[in-house]
Amino acid sequence: MGSAFDSQLEAQGIVLPLAAAPVGNYVGWTISGNTVFISGQLPLEDGKLAVKGRLGADLGVEEGYRAGRICGLNVLAQLRAACGGDLGRVVKVLRLGGFVCVAPDFVDAPKCVNGASDLMVEVFGDAGSHARFAVGVASLPAGAAVEVDATFEIRP
Amino acid sequence: MGSAFDSQLEAQGIVLPLAAAPVGNYVGWTISGNTVFISGQLPLEDGKLAVKGRLGADLGVEEGYRAGRICGLNVLAQLRAACGGDLGRVVKVLRLGGFVCVAPDFVDAPKCVNGASDLMVEVFGDAGSHARFAVGVASLPAGAAVEVDATFEIRP
Amino acid sequence: MGSAFDSQLEAQGIVLPLAAAPVGNYVGWTISGNTVFISGQLPLEDGKLAVKGRLGADLGVEEGYRAGRICGLNVLAQLRAACGGDLGRVVKVLRLGGFVCVAPDFVDAPKCVNGASDLMVEVFGDAGSHARFAVGVASLPAGAAVEVDATFEIRP
């Protein structure tokens, strides 16, 4: 703790969840050189899916945005673990991948993934602006509404 | 301008669009070391979607291929901006990610993404051959037919 | 041959397929520095799709897991080619991307992608644990049940 980014979290009252344990033979993050790869994160709160369902059928854009933001919080929880607890090592958010569970006529996946994108810029400022994609998919694990993976640059 | 790759564009009469402004709290590209990450690009011409709809329902493979190519042109526009206007800094096309909006029985996503892949090889020659994936998804932003993201290696 | 990882393959009776030739203007893998990008691999055996169809409609989880594992074998075949035949150059599995062809109410894509994840840990041990995503998509090339792409760190 103690970095400008951690202070930013605190000042904005943003509390990160515990990094979720993967449900399979994989891990929450890997590091290669200065690059951190974060596994696809679901909208988990206290270990339970906070937003389940399909955009354009069960859920509207506001709930999708909220799901995107919670995915983003889980991404940051994994990232903090990858940084040994010190978000001050983060140099740049490089890329987010956004998958939204949709009915086929729902074309606003970007508005849902914005929940994660806005969070990155809130927490990291200029270093938070990132490349990304946003697409609508047929289903997500356990019925989640949104899944977000991420790539970051950190200091060694 | 002035690099072999720029000459190649000109010789083939390929005109790149303006790099599209992202519609959210993200950017068209990020750079980490020698790696450029390009955001998912839609088939935009003059700021409007040139190819909308669903492959296997509203659209056939030829239109999908055309959509893939226009996505590729938008990828190159972002890449040129990332390189400060000089495509001569490009070392290698590393990877394309291709998402195609499909009816569930349409299994020719690769033939659509080929529009972007062929463009990379036209412009960059051997340096244009790349790893990629191609998948069929339920929906894309604003009803786009294809979305392509990309990763490149450049010189500093 | 001769590395610990190759011995591991042999000891477990795992035989890699030939690296599949891409069906388009792309390649099976690219390298940038120490990073290898592997193209999305289908569940091919002897050049034919071994597992076709849709999870939650034509196929159950066991068949999905098997498809995931065969995709993983094809990933390793490409990786070995990228390493000039010597898997001993592999430092780390960084990331898998898992796409599963689903009926919309099938929410167990992770259980299918586990087929590839488990294989990585079998072959590479601790170096095999990786970041990943798993999503359900509307269609995959040629009717494949699963597609897996991958990123690895290798020694020069």
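The values are calculated or read from the model by the stated rules, or taken from the named source; none is laboratory data. The structure presented is a predicted model; accordingly, all values stated were derived computationally and were not measured. Here the Cβ is made from the backbone with ideal geometry for all residues, glycine too, and neighbour counts use every protein chain on show. Areas reflect the complete protein model, heavy atoms only, side chains present, ligands, DNA and RNA absent. Shrake-Rupley method; radii C 1.70, N 1.55, O 1.52, S 1.80 Å.
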Every other copy gets compared here: list the nm distances from the C:ALA103 label point (7 Å along Cα to Cβ) to its counterparts, shortest first, one decimal. 2.0, 2.0
Can you find, among C:PRO141, C:CYS112, C:ALA131, the residue sitting farthest towards the positive end of the charge dipole of segment C:87-156, where Lys and Arg contribute +1 and Asp and Glu -1 at Cβ? C:ALA131
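I'd like the antiparallel share, as a percent to the nearest 5, of DSSP beta bridges with both residues in segment A:1-144. Provide the component values of the computation, followed by the final result.
Details: 7 of 16 bridges.
Approximately 45 percent, going by the DSSP bridge assignments.
Can you give the extra length, in nm with one decimal, that the chain gains between B:ALA57 and B:ALA103 once fully stretched, where that is 0.36 nm per residue apart less the Cα-Cα distance? Each step should come with its number before you reach the end.
On the way: separation 46, 0.36 × 46 = 16.56 nm, distance 0.61 nm.
Length difference between fully extended and current span is 16.0 nm.
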To the nearest 20 debye, what charge dipole does the protein assembly as shown have about its Cα centre, counting +1 at the Cβ of each Lys and Arg and -1 at the Cβ of each Asp and Glu? 480 debye
From the phi angles alone, apply the Karplus equation (6.51, -1.76, 1.60; θ = phi - 60°) to segment C:36-44 and give each ³J(HN,Hα) in whole Hz, x where the residue is Gly or Pro. 10, 9, 9, 4, x, 10, 9, x, 8
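Between A:LYS48 and A:ASP86, what FRET efficiency comes out of the Förster formula 1/(1 + (r/R0)^6) with R0 = 41 Å and r the beta carbon distance, rounded to 0.05?
On the way: r = 28 Å, r/R0 = 0.69.
Plugging the Cβ-Cβ distance into 1/(1 + (r/R0)^6) gives 0.90.
May I ask for the accessible area buried between chains B and C, both sides summed, probe 1.4 Å, to the nearest 100 Å²?
Working: alone 7460 and 7460 Å², together 13010 Å².
Rounded to the nearest hundred, the buried surface is 1900 Å².
Tally up the carbon and sulfur contribution to the accessible surface of the protein assembly as shown as a whole percent, 1.4 Å probe, everything protein left in place.
Values: 8840 of 16710 Å².
About 53 percent, which is the carbon plus sulfur part of the accessible surface.
Charges at C-beta only: +1 for Lys and Arg, -1 for Asp and Glu. How large is the resulting dipole of segment C:107-156 about its Cα centre, in Debye rounded to 20?
Details: 3 positive and 7 negative charges, 14 e Å.
The calculation lands at about 60 debye.
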List the distances, in nm to one decimal, from the label point of C:GLN12 to the label points of the same position in every other copy, shortest first, placing each label point 7 Å from Cα along the Cα-to-Cβ direction. 4.2, 4.2
Computed P(r) (all Cα pairs; segment B:86-125; 5 Å bins; percent): 5, 19, 26, 18, 13, 9, 5, 3, 1
Measuring from a point 7 Å out along Cα→Cβ, what nm distances, shortest first, does A:GLY24 have to its partners in the other copies? 2.3, 2.3
Tell me, what is the Rg over Rh of the protein assembly as shown, with Rh the Kirkwood radius over Cα pairs? 0.94
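Given the peptides C:128-140, C:102-114, arrange them by the average over their residues of other C-beta atoms within 10 Å, most packed first. Write out the running numbers ahead of the final one.
Working: C:128-140: 26.6, C:102-114: 23.4.
Going from most to least packed, we get C:128-140, C:102-114.
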Among the residues of segment C:81-116, which ones have their accessible area go down by 40 Å² or more when all the protein chains sit together, as opposed to their chain alone (1.4 Å probe)? C:LEU94, C:ARG95, C:PHE99, C:PRO104, C:VAL107
What do you get for the angle between helix B:61-82 and the principal long axis of chain B? Use alpha-carbon atoms, 0 to 90 degrees, nearest ten. 30 degrees
Inter-chain shielding of B:53-61 (mean C-beta neighbours from other protein chains, 10 Å cut-off): 1
Unit charges on C-beta of K, R, D, E only; dipole of chain B, Debye: 300 debye
Over chain C, with neighbouring protein chains present, the accessible area per residue in Å² at probe 1.4 Å is 36 Å²
Given H placed 1.01 Å from N in the peptide plane, which residues other than close sequence neighbours of C:TRP29 have an amide H under 5 Å from its amide H? C:SER39
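Given 37 °C and 0.692 mPa s, compute D for chain B with the Stokes-Einstein relation, Rh being the Kirkwood radius over Cα pairs; round to the nearest whole µm²/s. Can you show the working numbers first?
Details: Rh = 15.3 Å.
My calculation gives 214 µm²/s for D.
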Could you tell me the number of lysine pairs in the protein assembly as shown with C-alpha atoms less than 24 Å from each other, where the two lysines are 8 or more residues apart or belong to different chains? 18
Relative to the first principal axis of the alpha-carbon coordinates of chain B, what is the inclination of helix B:109-124, with its axis defined by its Cα atoms, in degrees from 0 to 90 and to the nearest 10? 20 degrees
